[in-house]
Amino acid sequence: MNTHTLGVLEYKKIIDRIVSFARSVPGKRKASNLSPGNDVAAINHNLDLVSEMNDMFEFDGGPPGLEFGDLGIMLEEASTAGTIIEPKELLNYSAFFKTVSECQKIKSKYEKIGRMISGLVYPESVHTAIDRSIDISGDIKDSASPELKTIRRELRQVKAKLDEKFEKYLRGDTSVFLSDNIFTIREGRYVLPVREGDKGHVPGIIHDRSSSGATFFIEPSETVELNNRHRELETGERKEINRILRKLSEMLYMNLAAVKTDIGILSDLDFIAGCSRLSRRLNATRPLFSDSRNIHIKNGKHPVLVLYYADDPSKDVVPLTIEMSIDRNIYIITGPNTGGKTVALKTVGLLSLMAASGLFVPADENSVFILFDDIFADIGDEQSIDSSLSTYSSHLSHIKTALEGAREESLVLLDELGAGTDPDEGSAIGQAIVENLSRKNCFAVVTTHHGKLKALAGKVQGVVNGSMEFDTEKLQPTYRFLTGIPGSSFAVQIAEKLGMPSEITGRAAGLIEKKEQDLTALISELNKKLVELKREEEAAGENRLKYESLVMTYEEKLKDLEKAEKKRKKEQLKKKEEILKETMRELDSLLKEAKKKAADRTEVRRIRRKVSGDLEKTREEIQKLSPVPDGEPARGLPGETVYITGVNAEGEVLEPADSLGRVKVRVGNVTMLTDLKKLIRKKTTAPVGVASVKTDYSPEAVMELDIRGMTFEEAEPIIEKYLEDSLNSGLKEVSIIHGKGTGALRKKVQEYLSHNSAVESFRLGNWNEGASGVTVIKLKTG
């Protein structure tokens, strides 16, 4: 795409923002070279990458750190010179290789980005060698080589002996000859600071003298051998470090091609990440491209304004909606100063450029654009003293370029057409330019104050009026774009509002032609009605929201009433169930008594069967009040959300069904083993709550309560309810998982169990049950 005088469209500011969002030096350089094109396949490919990068930021926090410099160039220069790379520079390459390794892990998750980075080469051996050799501060590790490890071990031993020797000098008889009670190092050798007059009392080698001459630095004779060995080891250490660094440097030189390849790929990835950050900052959407020469921008916003007000929630950019087609291809936008005409024109141009550059645009979804071959713009005042161009001449220079180059696949943006010269002549030249653009069948957006250009709509092929809405009561712009309605400058009205004397404004109004006055009055009336309609629409919208809110409120109240009624019935039935259960217990007692007395138990058994039947009917009625949700039979797959009939609770399948068709399910903090036939797969996933265990709970259920992470005060009511439900379910043995930790929670739990009437005994778990992290409880029966 060819672009002309686009700096005024603030496209450079968009590029600069992408550059700031990129993290690496090569990525920033690539962003700075971004330009619009017209290859729809290439543009859509870039949009695919940005879309996947948006997902990566949304779900995975974005790509790995991409902050790196021109490592490829630096390595190539070092390789040519054959220099040894410094440790801290080697750490930069290590960090870069770590990024390469982490980026390789995202290939399978994001298809398009995965293909883009499929050429990454991870030199694992170099990365491992650098990490093994250099610590994060840039020092060489002992583990860099066996030789270095040996040298440093002996060096530490020699230093320890020297320290010990010189500490004795400081504490012994020699100390009286010292100018300071310390020892120091000169030229890599341990020495004592001896006063000038006492140097004869400390036999040894003089290595240095203080600047005042009052102190001599003497190496005692008996430490010469140790100092020699110390210097030899230090020299050996330096040589070994140089050897290690040269080896690491040579390993990098051998991987120069891989580094350069990786730099190129990751700078592309960084550029896409920058585009994605801009997209997220603008709350932008993916543009679509027209096959039939149509533009439809839905609620588009000037991107620079969106960025400017991004951190100020009190301000919002008024959106622009505009449609252009082959028979409505030239818009003439009129209206008052500072009403938003130029912003509307720039928005069309900027969003078209962003779409053609493979960027998301700040507009609603399904906004449609054309990939133009050329975009011409004449915006702003470029008066030049050096080239003897006036305001009018500078405008004509840009317009001339546009008229010479414009074709069907061109977009022409002309701001304040006909300004800067005599109004009549400006209107005439403006009309001639619009007619010429119409004959070329190109797309154009023109802003002007010349009233005569409004009349071209309907007369010149493809010309459509547009205006910026103006509140005539408040005499201020609303910045809303209106299609098909011409605008007015409202110059006299605004002058009146600003306090211009009435004799001036009255005279000005009288000088305006009758036709122009009538047109202005008509436009003013239309604007007034549009403002009123807008207010009515907003009021209707508010009323609709209030109505919907009221409906929702009453629906919720109705549901609450229904729930309350069901709860009341369930409580009644539960009371009935308790009575029947108590009756069953009494009958069981009678049976035992009858057996002891060898009496006829036929009648008692008949009564027991009747009561048992009543109990089952009661349970069925309770089940009806807790309807089973719609769904298919569960498959018993781990992670499946299921509804457990009988228990009337939702849970998550933990393990597949065993050979007996039983499935382990977690319900809140409770784990249970139940029949697969009792499970219904939920159609939609709902939050799983902690469900109470009902009275028809499976007698075979194996249950655990997990209270790890809770305080005992939080866990106590849960334990109490859990034991009660387990006892009612007929369970004989249950477990509480409290974890090992400090043992404080376990101690309080066991102290509580020792006083609970439902507990017969308890013990710590065996090695295969969780050991001291679990307490196994035997419940009382009968």
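Residue count for the stretch 142-169 satisfying the condition of being among the acidic types (D, E) and open to solvent by 80 Å² or more (accessible area, probe 1.4 Å): 2. The test for being assigned to a helix (DSSP H, G or I) and either farther than 25 Å from L162 by Cβ or not small (G, A, S) (or both) does not hold for S212.
Looking only at strands (runs of 3 or more DSSP E) that fall completely inside the stretch 392-476, which ones have 2 or more residues that are under 18 Å from G380 (Cα atoms) and under 48 Å from the mean Cα position of the chain (by Cα)?
410-414, 443-447
For the stretch 439-474, a residue qualifies if it is more than 21 Å from L320 (Cα to Cα) and either in contact with a Leu (Cβ under 6 Å, 6 or more places away or on another chain) or open to solvent by 40 Å² or more (accessible area, probe 1.4 Å) (or both), and the qualifying residues are R439, K440, N441, K452, A455, G458, K459, Q461, E473, K474.
Only one of A42, A31 is within 30 Å of S290 (Cβ to Cβ) and either open to solvent by 20 Å² or more (accessible area, probe 1.4 Å) or not aliphatic (A, V, I, L, M) (or both). Can you tell me which? Exactly one of A42, A31 is within 30 Å of S290 (Cβ to Cβ) and either open to solvent by 20 Å² or more (accessible area, probe 1.4 Å) or not aliphatic (A, V, I, L, M) (or both), namely A42.
Contact map, the stretch 87-112: residues that are in contact (Cβ under 8 Å) with a residue 40 or more places away in the chain paired with residues that are hydrophobic (A, V, I, L, M, F, W, C) and surrounded by fewer than 18 Cβ atoms within 10 Å (Cβ to Cβ), Cβ distance under 8 Å, separation 6+ or inter-chain. Pairs shown: L91/I136; V100/V121.
Condition check for E225 on (1) open to solvent by 70 Å² or more (accessible area, probe 1.4 Å); (2) farther than 30 Å from E147 by Cβ: one failure, at (2). Does D270 qualify as being open to solvent by 50 Å² or more (accessible area, probe 1.4 Å) and either touching a residue at least 24 places away in the same chain (Cβ under 8 Å) or acidic (D, E) (or both)? Answer is no for this residue. Looking only at residues in the stretch 330-343 that are at pLDDT below 95 and within 26 Å of E365 (Cβ to Cβ), the one that is most open to solvent (accessible area, probe 1.4 Å) is V343. Among the residues of this structure, A455 counts as one that is at pLDDT below 85 and not β-branched (V, I, T).
For P64, are the conditions met, namely being open to solvent by less than 50 Å² (accessible area, probe 1.4 Å) and in contact with a Cys (Cβ under 9 Å, 6 or more places away or on another chain)? When the stated conditions are applied, P64 passes them. Test I218 against the criterion of being among the aliphatic types (A, V, I, L, M) and part of a strand (DSSP E or B), and give yes or no. Answer is yes for this residue.
Any chance you could count how many residues in the stretch 308-345 are of a type in the set (D, E, K, R) and in contact with a strand residue (DSSP E or B) (Cβ under 8 Å, 6 or more places away or on another chain)? So the answer is 3.
Could you tell me whether G138 is without any contact (Cβ under 8 Å) to a residue 40 or more places away in the chain and open to solvent by less than 70 Å² (accessible area, probe 1.4 Å)?
Here the answer is no, as G138 does not meet what is asked.
Among the residues of the stretch 345-375, the ones that are closer than 21 Å to A406 by Cα, open to solvent by 10 Å² or more (accessible area, probe 1.4 Å), of a type outside the set (D, E, K, R) and not in a loop (DSSP other than H, G, I, E, B) come to 0 in all. Among the residues in the stretch 280-289, are any open to solvent by less than 20 Å² (accessible area, probe 1.4 Å), assigned to a helix (DSSP H, G or I) and more than 30 Å from K149 (Cα to Cα)? Yes, the conditions are met somewhere in the stretch 280-289.
Among the listed residues A419, A491, identify the single one that is out of contact with any helix residue (DSSP H, G or I) (no Cβ under 6 Å at 6 or more places or on another chain), open to solvent by 60 Å² or more (accessible area, probe 1.4 Å) and either among the small types (G, A, S) or closer than 27 Å to G300 by Cα (or both).
Every option except A491 fails the conditions.
For the stretch 661-708, taking the residues that are over 20 Å from K778 (Cα atoms), among the β-branched types (V, I, T) and part of a loop (DSSP other than H, G, I, E, B), the one that is modelled with the highest pLDDT is identified as T684. On the stretch given as the stretch 190-209, residues that are under 30 Å from R238 (Cα atoms) and open to solvent by less than 30 Å² (accessible area, probe 1.4 Å) total 4. Taking the stretch 119-133 as the range and being of a type in the set (G, A, S) and buried (at least 16 other Cβ atoms within 10 Å of the Cβ) as the test, the residues that pass are A129, S133.
Just name the residue that is nearest to T775 (Cα to Cα) out of those in the stretch 715-753 that are open to solvent by 70 Å² or more (accessible area, probe 1.4 Å) and touching a strand residue (DSSP E or B) at 6+ places or on another chain (Cβ under 8 Å). Taking the candidates together, the pick is E733. Looking only at residues in the stretch 78-114 that are assigned to a helix (DSSP H, G or I) and among the small types (G, A, S), the one that is nearest to L47 (Cα to Cα) is G114.
Would you say I241 is closer than 19 Å to G358 by Cα, β-branched (V, I, T) and out of contact with any Ser or Thr (no Cβ under 8 Å at 6 or more places or on another chain)? When the stated conditions are applied, I241 does not pass them.
Just one residue in the set T338, T342 is more than 28 Å from the chain's Cα centre (by Cα), under 29 Å from K452 (Cα atoms) and part of a loop (DSSP other than H, G, I, E, B); that residue is T338.
Determine whether F183 is modelled with pLDDT of 90 or more, open to solvent by 30 Å² or more (accessible area, probe 1.4 Å), among the hydrophobic types (A, V, I, L, M, F, W, C) and closer than 15 Å to L226 by Cβ. Spelling it out, F183 is indeed modelled with pLDDT of 90 or more, open to solvent by 30 Å² or more (accessible area, probe 1.4 Å), among the hydrophobic types (A, V, I, L, M, F, W, C) and closer than 15 Å to L226 by Cβ. The one condition from (1) free of Cβ contacts under 8 Å to residues at least 40 places away in the same chain; (2) in a helix (DSSP H, G or I); (3) in contact with a Phe, Trp or Tyr (Cβ under 7 Å, 6 or more places away or on another chain); (4) of a type outside the set (A, V, I, L, M, F, W, C) that G197 does not meet is (3).
Does E538 fit the bill of being loosely packed, with under 11 Cβ neighbours inside 10 Å, part of a helix (DSSP H, G or I), modelled with pLDDT under 75 and among the acidic types (D, E)? Against the criterion (loosely packed, with under 11 Cβ neighbours inside 10 Å, part of a helix (DSSP H, G or I), modelled with pLDDT under 75 and among the acidic types (D, E)), E538 qualifies. Every listed requirement among (1) open to solvent by less than 30 Å² (accessible area, probe 1.4 Å); (2) in contact (Cβ under 8 Å) with a residue 60 or more places away in the chain is met by L482 save one, (2). I'd like the residue in the stretch 424-438 that is touching a strand residue (DSSP E or B) at 6+ places or on another chain (Cβ under 9 Å) and not polar (S, T, N, Q) and, out of all such residues, is farthest from M324 (Cα to Cα). Once the filter is applied, the top-ranked residue is G430.
The values are calculated or read from the model by the stated rules, or taken from the named source; none is laboratory data. Every value quoted in this text rests on a predicted model; they were computed, and no experiment measured them. We place every Cβ from the backbone using ideal geometry, glycine too, and count neighbours over all the protein chains shown. Accessible surface is based on the protein model in full, side chains and every heavy atom, while ligands, DNA and RNA are left aside. Shrake-Rupley method; radii C 1.70, N 1.55, O 1.52, S 1.80 Å.
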